[in-house]
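The values are calculated or read from the model by the stated rules, or taken from the named source; none is laboratory data. On a predicted model such as this, the values are computed, not experimentally measured, just so you know. When we count neighbours, we look across all protein chains shown, and the Cβ atoms used for this are built from the backbone with ideal geometry, even at glycine. Keep in mind that these areas ignore ligands, DNA and RNA; they rest on the heavy atoms of the full protein, side chains included. Shrake-Rupley method; radii C 1.70, N 1.55, O 1.52, S 1.80 Å.
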Amino acid sequence: MKINYSFLFIIPIALIMLMDNMFTELAAPSNPNIQYMMLNVLLKGCAALSFGYCWLKFQRMSKPMRMIYVLLNIYVIGMVLESMYKYNTPLVYPHVFQKLFVLYFAFFIYTFYKGNFYLKFLHVVNFIMIGFWLNVLIVNPNTLSISSFTDHERGVHSSSVYMLVIPFLYYLSNYFYKGKLMQLFLALFVLLTIFFFQHRTVWISTAVVLAFYYLLTKFKAEEPINFGKLVPIILVGIIGAIASSAFLFSMHPEIIDKVQASFSDMENFETQGTGGWRYKQWLSYVPFIEDNLFLGMRFDGFELPIQFYREDLGRPVFEDGNGHHFHSFYIEILFYTGLAGLLIFLMLTWQTIKYVFRVRYMTIRQIMLLSFILSGFIFGISYVLPTFFYAILGWGIVLMEEEVPVKTNYLKQSVWKRKLKLSRLKESLLESKNKPLLKHN
């Protein structure tokens with residue numbers, strides 16, 4: 001009996017994913033201190049591993065990735081020197097360095113899988129699904145009820161629900177390209193789960209993912225998707241949803257009110273719900289970002305008193321001395337590292353986006369990961385990008401560089417064969433030209 005060891009190649013990307021709340025909570029469901037310690041150990045350990053491994057395997061990187069990696073190192077080394085000069089210690093505030101260290105995770109995943117291109121998409125999907133549902137059933141079982149939905153007790157963190165978008169795309173693609181009906185049911189189940197946990201930013205991000213997925217499969221896929229397959233499923237789904245919802249809403253009319261309130265909060269984000277809260281936080285920090293636009297505030301930012309106050313209590317929302325906890329990736333990276341930090345991130349994401357304009361066809365795996373990576377620009381408006389996002393980004397860059405569509409392979413082979421035929425024809429012509437003429441007696 002042969003044992004398939006390919007599942008072991010999930011370990012590097014799993015190490016990064018383990019930093020998500022749904023895994024740290026599983027390690028110690030009722031002890032936040034242990035959760036924090038586990039996260040801290042993983043962050044520092046993976047940062048050191050990423051930095052060292054990337055230097056050892058520097059030659060594996062493509063030229064653009066090498067350049068971005070060097071730029072990141074220059075910025076980090078500059079911060080270390082600044083820390084030594086001002087505070088006589090190399091890493092005075094790890095909270096600030098962390099904003100750049102997470103970028104090393106993308107380089108680590110990229111460099112590792114560039115030399116070990118054996119990671120299977122299914123293994124990543126299973127890892128996410130098992131981790132998510134273990135968290136729900138063990139740590140947050142109370143969230144699986146109508147009352148938790150109507151009371152907005154989400155339990156599961158937004159980053160964990162956002163991670164479900166990856167399995168959703170995988171199951172959906174399996175239905176379209178392999179015709180497996182069970183995969184469609186799994187996709188719809190994951191989509192329903194995303195809706196149930198009520199993270200409105202994840203709702204919008206999922207819609208954006210689907211839009212990009214549709215466009216990329218329409219114009220870049222090796223085989224265009226026949227979306228007509230969805231028509232009968234959608235019709236049956238609508239009829240079933242209307243019938244079941246009529247029964248459910250008659251018993252729980254508060255569900256309708258809750259859904260309407262959620263969409264109202266999204267429409268009026270400046271004044272309602274958590275959107276209004278975020279908007280006020282942005283306004284509190286924009287002046288400091290404008291005054292330190294290019295390189296950010298760095299250590300001065302950590303020492304700056306909390307600028308975001310609760311109007312009802314007249315005191316800061318967060319405690320001083322622990323750094324600033326932003327609900328926006330853009331505000332955070334601009335506040336701490338300025339346009340320089342944002343530019344390094346954008347250069348990394350461009351390494352996936354540029355292939356849309358450079359190649360005629362893309363594989364479905366490339367399309368899935370690129371769709372997810374592009375949705376990060378939307379998710380980052382309301383939340384700091386989760387750590388696992390950088391692992392997916394690194395994986396996506398590897399796929400863009402290493403995976404070649406079948407049609408592209410065929411075209412390359414055809415061109416090569418034509419060139420071979422032409423070269424052989426030239427050789428035969430030269431041989432015939434150089435042959436001495438036969439004299440007839």
remark   = Under 5 Å from the placed amide H of Met362, counting only residues 5+ away or on other chains, we find Ala221, Glu222
ask   = Which order do peptides 294-300, 198-204, 43-49, 363-369 fall in by mean Cβ count within 10 Å, highest first?
value = 363-369, 198-204, 294-300, 43-49
ask   = Efficiency by 1/(1 + (r/R0)^6): what FRET value for Leu293 and Lys180, r their Cβ-Cβ distance, R0 = 30 Å, to the nearest 0.05?
value = 0.05
query = Ranked highest first by the average count of other Cβ atoms within 10 Å around their residues, in what order do 171-184, 90-103 fall?
reply = 90-103, 171-184
Whole-number accessible area per residue in Å² for the range 1-84, which is evaluated in the context of all protein chains at 1.4 Å = 57
remark   = In the range 2-71, taking the dipole from +1 charges on Lys and Arg beta carbons and -1 charges on Asp and Glu beta carbons about the Cα centre, the listed residue (Ala14, Tyr53, Pro64) farthest towards the positive end is Pro64
For Tyr309, distant residues with modelled amide H under 5 Å away = Val317
Peptide ranges 218-225, 371-378, 385-392, 69-76 listed from the most packed, as the mean C-beta count within 10 angstrom indicates = 385-392, 371-378, 69-76, 218-225
